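Peer 1: If you scroll down you'll find the structure; I have some questions about it.
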Amino acid sequence: MSPHLARRVEQLKTSLWTLPLAAVVLGSLLGLVLPALDRDRFLHTALSRPAWLEQLLQLPGSQARSLLGTLASAVATALGVLFSITIVALQLASTQYSPRVLRRFMGDRPTQAVLAVFIAAVAYLVVVALSLPQGAAPPRLSLLGAILLALLCFCLVGYFLHHLARSIDAATIVRSIGQDTEATLRRLRVEPTPQVATPATTPRLLRSATAGYLELVDEQHLLRAAPPGTKVMRIEVRTGDFVLPGLPLVAIWPATDLDQRTCKRLHLGFAFAQQRSLDQDVLFGVRQLVDVSLKALSPAINDVTTAYMAVNEIGVVIQRFLSRDGAVEDGWRVERRAGCELHVPSVGLRTLLRHAFDEIARSSSAQLRVPARMFEVMGQAILATGPNEAQRKAMAEAARWIHGSVAVAESTPIEKQEFEERYRWLLQLAAGVVHEEREPALH
């Protein structure tokens, strides 16, 4: 799937209007089909056999129209309430956690499905009420469908409130971000070569024609679209970077003239958007967890537990990265096709640690248990994966700049002691001189 098509599909998945629009069409069609089936004598007789069902559905056209109108009004009122609750939940998530999590709520399938069922029910009830002729026979099948849809909607109200309450819970949000980031790690290769040789000659540069965040890169498309005779291509920007018009996207060796058709084909290998996404951008998942932690540590929120949970999920991401033998330094992945190499920028452990812990460390001086937890999750990642010497050295360096970034003057003696114990334990663990059973415990 091309990056542009993948971006369109993602936009449809994360929009609140896609399923409701389909529901309007489906409900309207159902409202036209069932009244037509009501005229079928066999179905009309079949629905008359149970006495209780016959008594329930034995309504003339005028009374059936009145009942349908009443049900449509009730369902539409409930739908308005659900929309209001959804908007309040979106606003609460944006202010309490981070504006970056709004896409997660808008793409929530259960929420979209419930709203779609309500909209389909309203469309069905209105169309059926308008399609009933005066003095018609009792529309038994149409009434049965209306009653069942209304009962389904009223049952979904309780489920919707339960689901929405769980979806704005801090633990649910943080865990879902962590799971999506882990899924991105599993899709991407994280074993780049720190240094990749490129020709010493001046390359031909393909420049960006638009502005936005680089969301997706189709590496195989770029290899297929390479000009004839190309030996090496190097992507100059990383997924998730904001690109200005005219910024170099690809360097091509040997330098060759690019006609308009070739430039257009190469540009189709990149997809830009107004905001970042997790499809190929691991650091965006880390960014969301950092935002949640910073918001929780702000004086307006002051929710240390949520910051703890965000740091825990960051620790899981680091452990997953180490378990795949991720490189320490930023480097390049090399893709090959028909004698052409494509060098793709990739994130190293040092960059991941810097993006994960730098801002949180500088914002958590009043809560030393949070940076102490950073030391703890890094130590647990070392114990869980057994990283190589270079990776342990990078973890020790991260511990040192975290320790230097935190101001401990206003902390209590107990917090200072726990903080220093965790720091020394992590340094010893990174040096390979401490074992799991000697891990200190936070009081």
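Peer 1: Please report the projected area of region 290-344's Cα convex hull averaged over all directions, in nm².
Peer 2: The number I arrive at for region 290-344 is 5.5 nm².
Peer 1: Using only Cα atoms, locate the centre of region 333-353 and the centre of region 249-267, then give the distance between them in Å, rounded to an integer.
Peer 2: Between the Cα centres of region 333-353 and region 249-267 lies a distance of 19 Å.
Peer 1: What full-extension length gain, to one decimal in nm, is calculated for GLN260 and HIS162 as 0.36 nm per residue of separation minus the Cα-Cα distance?
Peer 2: 29.8 nm
Peer 1: Rounding to the nearest 10 and keeping the result within 0 to 90°, find how far the Cα-based axis of helix 140-167 lies from the longest principal axis of the chain.
Peer 2: The angle comes out at about 30 degrees.
Peer 1: For the chain, modelled as a GNM with alpha-carbon contacts under 10 angstrom, which of ARG166, ARG276, ARG350 fluctuates the most?
Peer 2: ARG166
Peer 1: So what is the accessible area of the chain per residue, in Å², with the probe set to 1.4 Å?
Peer 2: 48
Peer 1: Whenever you get a sec, compute what percent of the accessible area on the chain sits on carbon and sulfur atoms (1.4 Å probe).
Peer 2: The computed percentage sits at 58.
Peer 1: Considering Cα pairs under 8 angstrom that are at least six residues apart, work out the relative contact order of the chain and quote it in whole percent.
Peer 2: Computed value for the chain: 15 percent relative contact order.
Peer 1: Related question: Measure of size requested: the Rg and Dmax of region 274-319, with Cα atoms as the atom set and Å as the unit; please supply both.
Peer 2: 11.6, 34
Peer 1: Regarding region 212-319, what's the average projected area of the Cα-atom convex hull, expressed in nm²?
Peer 2: If you wrap the Cα atoms of region 212-319 in a convex hull and average its projections, you get 8.9 nm².
Peer 1: Let me ask you something else. When the Debye formula is applied to the Cα atoms of region 229-289, each taken as the same point scatterer, what base-10 log of I(q)/I(0) results at q = 0.18, 0.26, 0.28 Å⁻¹?
Peer 2: The Cα Debye sum returns log10 ratios of -0.76, -1.22, -1.32.
Peer 1: While we're on this one: Compute the helix-to-body angle for 18-38: its Cα long axis versus the longest principal axis of the chain, expressed 0 to 90° and rounded to tens.
Peer 2: 20
Peer 1: Given the chain, report the % of alpha carbon pairs whose separation exceeds 36 Å.
Peer 2: 48
Peer 1: What nm value, rounded to one decimal, do you get for the distance between SER84 and ALA366 when each label is placed 7 Å out toward the C-beta?
Peer 2: According to this spin-label approximation, the distance is 3.6 nm.
Peer 1: What's the FRET efficiency of TRP17 with ALA76 using the Cβ-Cβ distance as r and R₀ = 25 Å, to the nearest 0.05?
Peer 2: About 0.90, to the nearest 0.05.
Peer 1: What is the dipole size for the chain, taken about its Cα centre, with +1 at each Lys and Arg Cβ and -1 at each Asp and Glu Cβ, in debye to the nearest 20?
Peer 2: For this selection, approximately 1140 debye.
Peer 1: Moving on to the next point. Taking the 0 to 90 degree range and rounding to the nearest ten, how far is the long axis of helix 389-405 tilted relative to the main principal axis of the chain, both from C-alpha atoms?
Peer 2: 80
Peer 1: Using the beta-carbon distance between LEU5 and ALA384 and R0 = 41 Å, what value does 1/(1 + (r/R0)^6) give for FRET efficiency, to the nearest 0.05?
Peer 2: For LEU5 and ALA384, the calculated efficiency is 0.60.
Peer 1: Right, something else. Pick out, from VAL122, GLN391, GLY315, the residue whose Cα sits farthest towards the positive end of the charge dipole of the chain, with +1 on the Cβ of Lys and Arg and -1 on the Cβ of Asp and Glu.
Peer 2: Looking along the dipole axis, the top candidate is VAL122.
The values are calculated or read from the model by the stated rules, or taken from the named source; none is laboratory data. Remember, predicted model here, so these are calculated numbers, not experimental data. Because the Cβ atoms are built from the backbone with ideal geometry, glycine has one as well, and the counts that use them run over all protein chains shown. To get the accessible areas, we keep the full protein, side chains included, count just its heavy atoms, and leave off ligands, DNA and RNA. Shrake-Rupley method; radii C 1.70, N 1.55, O 1.52, S 1.80 Å.
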